[in-house]
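Structure first, commentary second.
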Amino acid sequence: MTKTLALLFASTALAAGVGLPAWSATRTPGDGASQSAVELFDVGRERAPLVLVSDDDDHEDDDDEDRGDRRSSQTDDDDEEEDDADDDQGGARHPAPIAPTAPPQNGLFVKGAPPQVQVN
Amino acid sequence: MKPVLAALALTASLALPGVATARPVTLTAALNNYGGDGAYLAIYVTDPKGAYAGTLWVSGGKSKYYRHLTDWHRATGGAPAEINGITGASVGAGRTLKITLDLADALIDAGYTLHVDAAVENMRDSPNEIAAPLTIDGAGKPVRGRRYVASLTYDM
């Protein structure tokens, strides 16, 4: 009788030791107070923000770059004139703005003094 | 009393180098009537050895065209860190760009040279359009450009 009880106790302990972690891992989140180790790791993963990185400021017209540039005296001659409405008139319609931020600390400028710019 | 005066002199000598190390300089670039779109300009400085020292201003907002400012782009790669806060719109033909900035005194009469690279869409690039030594004597004297810039003057 003692042997049977010991065997029963051992098998129960073994089942609990092996079965509980497996059962815990397969549980779906939010169904109770207990939380599996997998869920604990998933918490951090879910909180990571989704970051979308833009390639550059002129991605919408990058296809023009490959077509050549008649302006250049070199071999690259892309067709860049289509998307230049804001630049082409330069000072005519869009005078150069005053620099909004401090200039870079390159040793040429006094710290924090942005250039004042005017186009006539 | 003497130790106090000595300490005062020492602190003054340490503090003074940080004061009055710059002067206001106005750069005026008048463009020719070259009959094209707005010009991209890079205004930058090289040291006495001819090495790139830094950028003062870039006219033209689209970074993909910066490679046409050939010499400047070769030195900087058009890196945003070089030009953050010192860019504006391109300058139209026949117009005048005037920039006032506080330039470090150490650049004046010390062998530094002011350069302008220029580029216009569908027209030839003009690297080193202007190269003018930064000197007291050169202040107020217009320097002619090669292609797009009629003259560049710096006043201090």
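Any residue in the stretch B:67-91 that's more than 9 Å from chain A (Cβ to nearest Cβ): show its pairings with residues that are among the charged types (D, E, K, R) and part of a strand (DSSP E or B) at Cβ separation under 7 Å, as long as the two are six or more apart or on different chains. Close Cβ pairs satisfying both conditions: B:Leu69/B:Asp117; B:Asp71/B:Asp117; B:Trp72/B:Asp117. If only residues of the stretch B:130-150 that are within 14 Å of chain A (Cβ to nearest Cβ) and part of a strand (DSSP E or B) are counted, the one that is farthest from A:Gly107 (Cα to Cα) is B:Ala150.
Of the listed requirements (1) among the hydrophobic types (A, V, I, L, M, F, W, C); (2) surrounded by fewer than 24 Cβ atoms within 10 Å (Cβ to Cβ); (3) not in a loop (DSSP other than H, G, I, E, B), B:Val116 misses just one: (2).
Checking each residue in the stretch B:92-123 for being in contact with a helix residue (DSSP H, G or I) (Cβ under 6 Å, 6 or more places away or on another chain) and within 9 Å of chain A (Cβ to nearest Cβ) picks out only B:Ala119. Residues of the stretch B:115-152 that are closer than 26 Å to B:Lys62 by Cα and of a type in the set (Val, Ile, Thr): B:Val116, B:Val120, B:Ile130, B:Val149.
B:Pro48 passes every criterion in (1) surrounded by fewer than 22 Cβ atoms within 10 Å (Cβ to Cβ); (2) within 11 Å of the chain's Cα centre (by Cα); (3) away from chain A (no Cβ under 12 Å) apart from (2).
Every read-out reported here was derived from the displayed coordinates using simple, explicitly stated rules and does not represent laboratory data. Note that the coordinates shown come from a computational prediction; the quantities given were computed from them, not determined experimentally. When we count neighbours, we look across all protein chains shown, and the Cβ atoms used for this are built from the backbone with ideal geometry, even at glycine.
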